[in-house]
Number of protein chains: 2
Amino acid sequence: MKYEELLYKLNKIGIALSKERNYEVLLEKILTEARSFTRAEGGSLYIREGQELLFLVSQNDKLPENKGLRGLRIPLSSNSIAGYVGMTGELINIEDVYKLPEGTPYKINLSFDQENNYRTHSMLLVPLQESGDQPIGVLALINAKNIAGEATSFDPRYEPLVHSLASQAAVALRNAQLHGELKDAYLDTIFRLSRAAECRDMDTANHLERISLYSTILAEEMGMSPKFVENIRYASPMHDVGKLGVPDSILLKPGKLTDEEFNEMKNHTIFGAKILSDACSEIITISEEIALTHHERFNGKGYPNGISGEDIPLSGRIVALADVFDALASKRCYKDAWSIENVVAHIKKESGQHFDPKVVEAFENCLERILKVREEYSIHKAQSI
Amino acid sequence: MKYEELLYKLNKIGIALSKERNYEVLLEKILTEARSFTRAEGGSLYIREGQELLFLVSQNDKLPENKGLRGLRIPLSSNSIAGYVGMTGELINIEDVYKLPEGTPYKINLSFDQENNYRTHSMLLVPLQESGDQPIGVLALINAKNIAGEATSFDPRYEPLVHSLASQAAVALRNAQLHGELKDAYLDTIFRLSRAAECRDMDTANHLERISLYSTILAEEMGMSPKFVENIRYASPMHDVGKLGVPDSILLKPGKLTDEEFNEMKNHTIFGAKILSDACSEIITISEEIALTHHERFNGKGYPNGISGEDIPLSGRIVALADVFDALASKRCYKDAWSIENVVAHIKKESGQHFDPKVVEAFENCLERILKVREEYSIHKAQSI
């Protein structure tokens, strides 16, 4: 391939990498693109964590996929070639790893070849590095092939190009990571503040995490867009913030509420929607919708507005089911948890009455995933606030 | 410059653009890089909003900076050349805008030249566009110069390169925008949920926005890092979430609290820290620190732990001052707002007692900005929840 064409290709790869915001997908994409660019039979990607490299992705046309190595840790040191590149930031191009010249400043571990009955010949190792910074990882490419598919060495002309690709990859990884961290922090904040709001009635523990995940699973099962799924995941934990507007005397009352008290309790839907009103962000707008409508019923017998069918936003119809499922399937101070059989029977019976039949259908189809979440978020992660 | 060198340069620009996460800085950088790449005397950048282009940045080596045009709206139509490019996604390279051939499908408005006594010769217009998508904006480059600095036309060889640069720019803009939107949504959520929590004692209205901005300004004035400044901006609104753990009977009591009640009230610091404990995100960790320590005093006479001096985290020392300033300078149901002179005198008197002298010094230096925030967040943006 002509050098100009390679440079063009490099540009295209750069754009494709910066477009990808999913960290895991990005890791695979970097390795795939780098291998196709250099015509390498295999390769691996390591990300630095402190003074170690974390082995994350490996690809090889000749070997079956091997995820077993994922998470393996290699110290930054000259005891391995990847560790050496991560430590020094040098690019290393080796013609044959079995014929290293005298005085090579790093060691090569060939146990991988022995264990997999594989023969590594050429290697090209590049630091993943924004200009001037410490490497954030290492890209290792193995066994260059010429156009005829025969083993060859990595053309030194590739070196600056692969260096540039690795910089682009480092920036893209950093962006995806920052974006992911911000999302995680956001979600964590929503949970903490919403949980704090709900914890005045101490029934909750992991209630909100479960509602969020149940709603996410239901939306996925119904084939909703990734955007909708993400929005409902973030928005659903805020469905009951309006309870902040309900006085302690009603919210924490041990016995049965009077009609008047129950009416005031119902206002948490309206108060919640008010707290979340007039937002620019989609997540808050959807949480407003959910706060207002998650006690409506498909047959029109819910509150606060008694709307029915598809007049109730889909988000509200989904959270309605998730909320009731969780209430019935959990122990509360005034009742035991129902058996799953009874809960499922109740929800099926309420299809078209309390619940949207389409949501009930999705619920039946993804019951297994829902029960897994229930399991996970009732024992291991119990919170004590 | 050789074509290969141009391709290299393009790669470097691509990496630099994807690194920039600040939207405003990025806009300027795209135009600067594109002008330097094509040796253009001037240029402008438009971003699409619905069926219009928003004029955002303009640069010209021969003209004084003109921010007056910022925000000007141009419809997507053939009535202007930028509107035409935004509508069709075509790249347009014109040798002389005063000699357009017959049948040109767009009009050119030359009033800019007349008003500024400027002569536009060549123009190169490129859609800002991720491959296949609708353009998100238009990049317009004006008056190409050769190495000697003489007017020339844009070399057609540049076209695919500038096209590639524009794709890279589009991706970077989209990333910066998404990141910005996520941050805005996050901040909005923190305000709404924290405000809801505080609103049980209806004194607050814009209290939290003001605390957040006062703390931000103080941290900036003290020369803290941008990261610290951003963290305190996000974390400070959560300083009183622990009030959720204080019963209505104490929180909403009209008269003076008994000693016992006051002790229970003080626990909102501990309860708040508990709500925010053991987080992975920096923002929440700092908000935990603030929740716990914003009632400590520099002389050790505060609560809950009676720590003093620099044992109190800086974030807590800053929010302590911001919180007291706001309480004194605002009207509450049981008191009028103090005059600013009295508030400032009180804070200066408490330097080294209640407050860290360094924070008091910063406060005096940035009083003007603080008063501007106070002004802005007490009248115009009053909230009613």
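The values are calculated or read from the model by the stated rules, or taken from the named source; none is laboratory data. What you are looking at is a predicted structure, and each value in this text was computed from that prediction instead of being measured. Cβ coordinates were reconstructed from backbone atoms using ideal geometry, including for glycine residues, and neighbour counts include every protein chain displayed.
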Requested in this report: Starting from residues that are of a type outside the set (A, V, I, L, M, F, W, C) and more than 18 Å from A:Thr189 (Cβ to Cβ), keep the ones in the range B:163-197 and report whichever is surrounded by the most Cβ atoms within 10 Å (Cβ to Cβ).
Outcome: B:Gln168
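List the helices (runs of 4 or more DSSP H) that sit entirely inside the range A:272-384 and contain at least 1 residues that are closer than 30 Å to B:Ala196 by Cβ, among the acidic types (Asp, Glu) and away from chain B (no Cβ under 14 Å). Show your work before the answer.
Details: elements: A:282-293, A:314-329, A:340-349, A:357-365, A:367-376.
Hits in the range A:272-384: A:282-293, A:314-329, A:367-376.
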Requested in this report: Look at the range A:360-374 and say how many of its residues are without any contact (Cβ under 8 Å) to a residue 24 or more places away in the chain and of a type in the set (Gly, Ala, Ser).
Outcome: 0
Query raised in the report: Residue check: is B:Ser212 more than 8 Å from chain A (Cβ to nearest Cβ) and among the polar types (S, T, N, Q)?
Result: yes
Report task. Within the range B:288-342, count every residue that is crowded, with 19+ Cβ neighbours inside 10 Å, of a type outside the set (A, V, I, L, M, F, W, C) and within 30 Å of the chain's Cα centre (by Cα). Result -> 11
Query raised in the report: Among the residues of the range B:283-299, is any in contact with a His (Cβ under 8 Å, 6 or more places away or on another chain) and of a type in the set (Lys, Arg)?
Result: yes
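Which of the residues that make up the range B:7-29 are touching a residue at least 60 places away in the same chain (Cβ under 8 Å) and more than 9 Å from chain A (Cβ to nearest Cβ)? Even if it seems obvious, please write down each step before you answer.
Restricting attention to the range B:7-29, the residues satisfying the condition of being touching a residue at least 60 places away in the same chain (Cβ under 8 Å) are B:7, B:10, B:13-14, B:17-18, B:20-23, B:26-27.
Scanning the range B:7-29 gives B:Ile13, B:Glu20, B:Asn22, B:Tyr23, B:Leu26, B:Leu27.
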Report summary line: Taking the range A:245-256 and the residues there that are part of a loop (DSSP other than H, G, I, E, B) and more than 20 Å from B:Arg192 (Cβ to Cβ), the one that is nearest to the other protein chains (Cβ to nearest Cβ) would be A:Pro247
Report task. Provide a single number: the residues in the range A:132-174 that are in contact with a strand residue (DSSP E or B) (Cβ under 8 Å, 6 or more places away or on another chain), part of a loop (DSSP other than H, G, I, E, B) and over 19 Å from A:Lys9 (Cβ atoms). Result -> 4
Report task. Inspect all residues belonging to the range A:201-220 and state whether any of them is at pLDDT 95 or above and over 18 Å from the mean Cα position of the chain (by Cα). Result -> no
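Please count how many residues of the range B:328-358 are of a type in the set (A, V, I, L, M, F, W, C) and in contact with an Asp or Glu (Cβ under 9 Å, 6 or more places away or on another chain).
Initially, the range B:328-358 is screened for residues of a type in the set (A, V, I, L, M, F, W, C), giving B:328-329, B:333, B:337-338, B:340, B:343-345, B:347, B:355.
Right, trim to in contact with an Asp or Glu (Cβ under 9 Å, 6 or more places away or on another chain) and you get B:333, B:344, B:347.
Final tally of qualifying residues: 3.
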Query raised in the report: Taking A:Gly242 and the conditions (1) away from chain B (no Cβ under 14 Å); (2) without any contact (Cβ under 8 Å) to a residue 60 or more places away in the chain, which numbered condition does it fall short on, given that it satisfies the others?
Result: (1)
Query raised in the report: Which of the residues spanning the range B:143-162 are within 11 Å of chain A (Cβ to nearest Cβ) and surrounded by 15 or more Cβ atoms within 10 Å (Cβ to Cβ)?
Result: B:Leu161
